[in-house]
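Trainee: If you scroll down you'll find the structure; I have some questions about it.
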Amino acid sequence: MVYGYIRQLHGLNSLAEQQRVILSFSLANDIQIDKEVVEYSNRPLKIEERKEFEEFLRSLCEGDSIVVPTLSVLSQRAEELIKLINCSLSKEVTLYVVSPKRVINKTTKIIDLFPLINDLREAEASKSTQIGRPKGSRSSSKFDKFKAQIMKGLTEGMSVSAMARELEVSRSSLKDYIESRKLRELVDGAWLETDFSDKKKESEDRVLICPLEKNKLEDEVL
(Lines give C-alpha, C1' and ligand atoms only; values in the text may rest on other atoms or scores of the structure.)
Protein backbone atom coordinates (compact mmCIF):
# COMPACT_ATOMS: atom_id res chain seq x y z
CA MET A 1 0.00 0.00 0.00
CA VAL A 2 1.29 3.45 -0.93
CA TYR A 3 0.04 6.33 1.20
CA GLY A 4 0.16 10.02 0.40
CA TYR A 5 0.43 11.81 3.74
CA ILE A 6 -0.51 15.48 4.13
CA ARG A 7 -1.07 17.60 7.20
CA GLN A 8 -2.95 20.82 7.87
CA LEU A 9 -0.95 22.91 10.32
CA HIS A 10 0.14 26.52 10.62
CA GLY A 11 3.58 26.89 9.09
CA LEU A 12 3.08 24.19 6.46
CA ASN A 13 1.89 24.66 2.90
CA SER A 14 -1.84 24.41 2.25
CA LEU A 15 -3.38 20.97 1.81
CA ALA A 16 -4.03 21.76 -1.85
CA GLU A 17 -0.36 22.60 -2.41
CA GLN A 18 0.77 19.46 -0.57
CA GLN A 19 -1.58 17.38 -2.72
CA ARG A 20 -0.22 19.00 -5.88
CA VAL A 21 3.38 18.31 -4.88
CA ILE A 22 2.69 14.65 -4.09
CA LEU A 23 0.72 14.18 -7.31
CA SER A 24 3.51 15.68 -9.43
CA PHE A 25 6.10 13.54 -7.65
CA SER A 26 4.10 10.33 -8.03
CA LEU A 27 3.49 10.92 -11.73
CA ALA A 28 7.14 11.76 -12.38
CA ASN A 29 8.32 8.64 -10.54
CA ASP A 30 5.58 6.25 -11.71
CA ILE A 31 4.25 5.75 -8.18
CA GLN A 32 0.59 4.91 -7.70
CA ILE A 33 -0.91 6.51 -4.58
CA ASP A 34 -3.40 4.01 -3.15
CA LYS A 35 -4.72 6.14 -0.32
CA GLU A 36 -4.46 9.72 0.86
CA VAL A 37 -4.18 10.32 4.60
CA VAL A 38 -4.95 13.79 5.94
CA GLU A 39 -4.13 14.99 9.45
CA TYR A 40 -5.79 18.12 10.80
CA SER A 41 -4.09 20.05 13.60
CA ASN A 42 -4.76 23.50 14.98
CA ARG A 43 -1.47 23.51 16.88
CA PRO A 44 1.82 21.55 16.82
CA LEU A 45 0.97 18.67 19.14
CA LYS A 46 3.57 16.28 20.48
CA ILE A 47 3.59 12.93 18.76
CA GLU A 48 2.12 11.22 21.84
CA GLU A 49 -0.92 13.51 21.52
CA ARG A 50 -1.46 12.77 17.83
CA LYS A 51 -3.52 9.64 18.43
CA GLU A 52 -4.83 9.16 14.88
CA PHE A 53 -1.33 9.60 13.47
CA GLU A 54 0.01 7.09 16.00
CA GLU A 55 -2.66 4.59 14.97
CA PHE A 56 -1.73 5.13 11.33
CA LEU A 57 1.93 4.35 12.08
CA ARG A 58 0.98 1.18 13.92
CA SER A 59 -1.20 0.06 11.02
CA LEU A 60 1.70 0.12 8.56
CA CYS A 61 2.97 -3.21 7.28
CA GLU A 62 6.20 -4.41 5.73
CA GLY A 63 6.40 -3.23 2.14
CA ASP A 64 4.14 -0.20 2.61
CA SER A 65 5.30 3.21 1.42
CA ILE A 66 4.57 6.79 2.50
CA VAL A 67 4.97 9.84 0.28
CA VAL A 68 5.28 13.21 2.06
CA PRO A 69 5.93 16.70 0.64
CA THR A 70 8.58 17.40 3.30
CA LEU A 71 9.81 15.74 6.48
CA SER A 72 8.28 18.60 8.49
CA VAL A 73 4.84 17.29 7.51
CA LEU A 74 5.55 14.27 9.71
CA SER A 75 6.92 16.39 12.55
CA GLN A 76 8.52 19.77 13.07
CA ARG A 77 10.53 18.42 16.00
CA ALA A 78 13.87 16.83 15.18
CA GLU A 79 13.78 14.26 18.00
CA GLU A 80 10.28 13.13 17.00
CA LEU A 81 11.33 12.87 13.39
CA ILE A 82 14.15 10.54 14.40
CA LYS A 83 11.59 8.32 16.15
CA LEU A 84 9.37 8.33 13.07
CA ILE A 85 12.22 7.35 10.78
CA ASN A 86 13.12 4.58 13.25
CA CYS A 87 9.53 3.39 13.07
CA SER A 88 9.51 3.27 9.28
CA LEU A 89 12.82 1.40 9.27
CA SER A 90 11.66 -1.08 11.91
CA LYS A 91 8.55 -1.89 9.89
CA GLU A 92 10.49 -1.98 6.60
CA VAL A 93 8.36 0.86 5.28
CA THR A 94 9.76 3.08 2.52
CA LEU A 95 9.50 6.82 3.03
CA TYR A 96 9.52 9.05 -0.05
CA VAL A 97 10.27 12.72 0.63
CA VAL A 98 9.49 15.10 -2.22
CA SER A 99 11.60 18.04 -1.06
CA PRO A 100 14.48 17.65 -0.71
CA LYS A 101 14.12 14.49 -2.78
CA ARG A 102 14.98 11.47 -0.66
CA VAL A 103 14.07 7.81 -0.42
CA ILE A 104 14.48 6.48 3.11
CA ASN A 105 14.54 2.73 3.65
CA LYS A 106 16.74 0.05 5.24
CA THR A 107 19.40 0.55 2.58
CA THR A 108 19.70 4.26 3.33
CA LYS A 109 23.03 5.34 4.77
CA ILE A 110 22.48 7.01 8.12
CA ILE A 111 25.03 9.72 7.38
CA ASP A 112 22.89 10.87 4.44
CA LEU A 113 20.08 11.69 6.87
CA PHE A 114 22.13 13.80 9.28
CA PRO A 115 21.93 17.01 7.21
CA LEU A 116 18.14 16.72 6.98
CA ILE A 117 17.73 16.18 10.72
CA ASN A 118 20.23 18.89 11.56
CA ASP A 119 18.47 21.40 9.30
CA LEU A 120 15.25 20.72 11.18
CA ARG A 121 17.04 21.15 14.51
CA GLU A 122 18.41 24.50 13.37
CA ALA A 123 14.94 25.53 12.22
CA GLU A 124 13.67 24.66 15.70
CA ALA A 125 16.40 26.75 17.31
CA SER A 126 15.74 29.70 15.03
CA LYS A 127 12.16 29.95 16.28
CA SER A 128 13.31 30.93 19.75
CA THR A 129 14.03 34.56 20.52
CA GLN A 130 17.73 35.30 20.46
CA ILE A 131 19.09 38.40 22.17
CA GLY A 132 21.17 40.65 19.97
CA ARG A 133 19.92 39.39 16.62
CA PRO A 134 16.55 39.31 14.84
CA LYS A 135 14.21 36.50 15.79
CA GLY A 136 14.46 33.56 13.42
CA SER A 137 18.00 34.27 12.28
CA ARG A 138 21.12 32.26 12.95
CA SER A 139 24.70 33.36 12.55
CA SER A 140 26.58 31.56 9.79
CA SER A 141 29.92 29.94 10.39
CA LYS A 142 33.00 29.30 8.31
CA PHE A 143 32.57 25.65 9.30
CA ASP A 144 29.18 25.32 7.60
CA LYS A 145 30.87 24.36 4.33
CA PHE A 146 32.59 21.50 6.16
CA LYS A 147 29.45 20.20 7.85
CA ALA A 148 29.18 17.03 5.75
CA GLN A 149 32.83 16.17 6.41
CA ILE A 150 32.46 16.90 10.12
CA MET A 151 29.36 14.68 10.39
CA LYS A 152 31.18 11.91 8.54
CA GLY A 153 34.17 12.23 10.86
CA LEU A 154 32.00 12.09 13.99
CA THR A 155 30.17 9.06 12.63
CA GLU A 156 33.47 7.28 12.04
CA GLY A 157 34.68 8.13 15.54
CA MET A 158 37.35 10.64 14.57
CA SER A 159 38.60 12.93 17.31
CA VAL A 160 38.12 16.68 17.06
CA SER A 161 41.89 17.08 16.89
CA ALA A 162 42.15 14.71 13.92
CA MET A 163 39.34 16.47 12.09
CA ALA A 164 40.88 19.87 12.80
CA ARG A 165 44.17 18.71 11.29
CA GLU A 166 42.41 17.28 8.26
CA LEU A 167 40.41 20.47 7.68
CA GLU A 168 43.37 22.67 8.64
CA VAL A 169 41.37 24.66 11.17
CA SER A 170 41.62 25.53 14.85
CA ARG A 171 40.73 22.65 17.15
CA SER A 172 39.04 24.91 19.71
CA SER A 173 36.97 26.68 17.06
CA LEU A 174 35.90 23.37 15.54
CA LYS A 175 34.99 22.04 18.99
CA ASP A 176 32.86 25.14 19.64
CA TYR A 177 31.10 24.69 16.30
CA ILE A 178 30.32 21.02 16.98
CA GLU A 179 28.95 21.88 20.42
CA SER A 180 26.91 24.90 19.30
CA ARG A 181 25.28 22.90 16.50
CA LYS A 182 24.90 19.83 18.75
CA LEU A 183 26.35 17.64 16.02
CA ARG A 184 27.83 15.07 18.39
CA GLU A 185 24.47 14.61 20.11
CA LEU A 186 22.89 14.03 16.73
CA VAL A 187 25.45 11.38 15.84
CA ASP A 188 25.88 9.69 19.23
CA GLY A 189 22.41 9.72 20.66
CA ALA A 190 19.88 9.69 17.89
CA TRP A 191 20.46 6.36 16.24
CA LEU A 192 21.43 4.01 19.06
CA GLU A 193 18.51 1.73 18.25
CA THR A 194 19.55 1.26 14.62
CA ASP A 195 22.00 -1.22 13.23
CA PHE A 196 22.48 -2.00 9.55
CA SER A 197 25.08 -4.77 9.90
CA ASP A 198 25.05 -7.42 7.21
CA LYS A 199 26.00 -10.03 9.76
CA LYS A 200 23.03 -12.25 10.56
CA LYS A 201 23.90 -12.69 14.23
CA GLU A 202 24.25 -8.95 14.82
CA SER A 203 21.00 -8.34 12.99
CA GLU A 204 19.25 -10.79 15.29
CA ASP A 205 20.76 -9.19 18.39
CA ARG A 206 19.93 -5.60 17.41
CA VAL A 207 16.44 -5.57 15.97
CA LEU A 208 15.01 -2.19 15.04
CA ILE A 209 12.14 -1.32 17.36
CA CYS A 210 9.71 1.47 16.69
CA PRO A 211 9.84 3.73 19.79
CA LEU A 212 6.05 4.01 19.77
CA GLU A 213 5.66 0.23 19.77
CA LYS A 214 8.33 -0.01 22.46
CA ASN A 215 6.35 2.34 24.71
CA LYS A 216 3.19 0.36 24.06
CA LEU A 217 4.89 -2.92 25.01
CA GLU A 218 6.27 -1.37 28.19
CA ASP A 219 2.77 -0.16 29.15
CA GLU A 220 1.33 -3.64 28.55
CA VAL A 221 4.01 -5.23 30.74
CA LEU A 222 3.30 -2.76 33.53
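The values are calculated or read from the model by the stated rules, or taken from the named source; none is laboratory data. This structure is a prediction, so every number in the text was calculated from the model and none was measured. Please note: Cβ atoms are built from the backbone with ideal geometry, for glycine as well, and neighbour counts cover all protein chains shown.
Trainee: Looking only at region 16-25, decide whether some residue is of a type in the set (Lys, Arg), more than 20 Å from Leu113 (Cα to Cα) and in contact with a strand residue (DSSP E or B) (Cβ under 7 Å, 6 or more places away or on another chain). Even if it seems obvious, please write down each step before you answer.
Mentor: Our first condition is that a residue be of a type in the set (Lys, Arg); within region 16-25, this holds for 20.
Among the residues that remain, those that are also more than 20 Å from Leu113 (Cα to Cα) are: 20.
So of that shortlist, the ones also in contact with a strand residue (DSSP E or B) (Cβ under 7 Å, 6 or more places away or on another chain) come out as none.
The answer is no, given that none of the residues of region 16-25 is of a type in the set (Lys, Arg), more than 20 Å from Leu113 (Cα to Cα) and in contact with a strand residue (DSSP E or B) (Cβ under 7 Å, 6 or more places away or on another chain).
Trainee: Kindly indicate which of Ser161, Ser139 is part of a loop (DSSP other than H, G, I, E, B), at pLDDT 65 or above and over 30 Å from Ser90 (Cβ atoms). Walk me through it before giving the result.
Mentor: Numbers: Ser161 fails: part of a loop (DSSP other than H, G, I, E, B).
Among Ser161, Ser139, only Ser139 is part of a loop (DSSP other than H, G, I, E, B), at pLDDT 65 or above and over 30 Å from Ser90 (Cβ atoms).
Trainee: Now a separate question. Would you pick out the residues in region 23-53 that are among the hydrophobic types (A, V, I, L, M, F, W, C) and either more than 14 Å from Val73 (Cβ to Cβ) or under 19 Å from the mean Cα position of the chain (by Cα) (or both)? Give the derivation first.
Mentor: Step one: filter region 23-53 for residues among the hydrophobic types (A, V, I, L, M, F, W, C), giving 23, 25, 27-28, 31, 33, 37-38, 45, 47, 53.
Matches in region 23-53: Leu23, Leu27, Ala28, Ile31, Ile33, Leu45, Ile47, Phe53.
Trainee: If the Cβ limit is 9 Å and pairs must be 6+ apart or interchain, which residue in region 17-39 that is in a helix (DSSP H, G or I) pairs with which residue that is small (Gly, Ala, Ser)?
Mentor: Gln18/Gly4; Gln19/Gly4; Val21/Ser99; Ile22/Gly4; Leu23/Gly4; Phe25/Ser99; Ser26/Gly4
Trainee: Let me ask another. Quick check on my filter: what residues within region 10-59 are touching a helix residue (DSSP H, G or I) at 6+ places or on another chain (Cβ under 8 Å), among the hydrophobic types (A, V, I, L, M, F, W, C) and closer than 20 Å to Tyr96 by Cβ?
Mentor: Leu12, Ile31, Ile33, Val37, Val38, Phe53, Leu57
Trainee: Continuing with this model, one more query. Restrict the check to region 151-162 and report whether at least one residue is surrounded by 13 or more Cβ atoms within 10 Å (Cβ to Cβ) and in contact with a Gly (Cβ under 9 Å, 6 or more places away or on another chain).
Mentor: First, pick out the residues of region 151-162 that are surrounded by 13 or more Cβ atoms within 10 Å (Cβ to Cβ): 151-155, 158, 160, 162.
Subsequent filtering for residues that are in contact with a Gly (Cβ under 9 Å, 6 or more places away or on another chain) retains 160, 162.
Checking region 151-162: at least one residue is surrounded by 13 or more Cβ atoms within 10 Å (Cβ to Cβ) and in contact with a Gly (Cβ under 9 Å, 6 or more places away or on another chain).
Trainee: Right, here's the next one. Exactly one condition in (1) at pLDDT below 80; (2) of a type in the set (D, E, K, R); (3) in contact with a helix residue (DSSP H, G or I) (Cβ under 7 Å, 6 or more places away or on another chain) is false for Lys175; which is it?
Mentor: Here Lys175 meets the rest and fails (1).
Trainee: Pairs please, first residue from region 70-95 and touching a residue at least 60 places away in the same chain (Cβ under 8 Å), second anywhere and outside any helix (DSSP H, G or I) and acidic (Asp, Glu), Cβ atoms under 7 Å, 6+ apart in sequence or on different chains.
Mentor: Asn86/Glu193; Lys91/Glu62
Trainee: Taking the conditions exactly as written (loosely packed, with under 14 Cβ neighbours inside 10 Å, closer than 27 Å to Gln19 by Cα and at pLDDT 75 or above), does Lys145 satisfy them or not?
Mentor: On the way: loosely packed, with under 14 Cβ neighbours inside 10 Å: yes; closer than 27 Å to Gln19 by Cα: no; at pLDDT 75 or above: yes.
It is false that Lys145 is loosely packed, with under 14 Cβ neighbours inside 10 Å, closer than 27 Å to Gln19 by Cα and at pLDDT 75 or above.
Trainee: Also: Is one or more of the residues making up region 47-68 in a strand (DSSP E or B), among the small types (Gly, Ala, Ser) and surrounded by fewer than 21 Cβ atoms within 10 Å (Cβ to Cβ)? Steps first, please.
Mentor: Let us first name the residues in region 47-68 that are in a strand (DSSP E or B), namely 65-68.
Still in the list and also among the small types (Gly, Ala, Ser): 65.
Then keep just the ones that are surrounded by fewer than 21 Cβ atoms within 10 Å (Cβ to Cβ); that gives 65.
Yes, the conditions are met somewhere in region 47-68.
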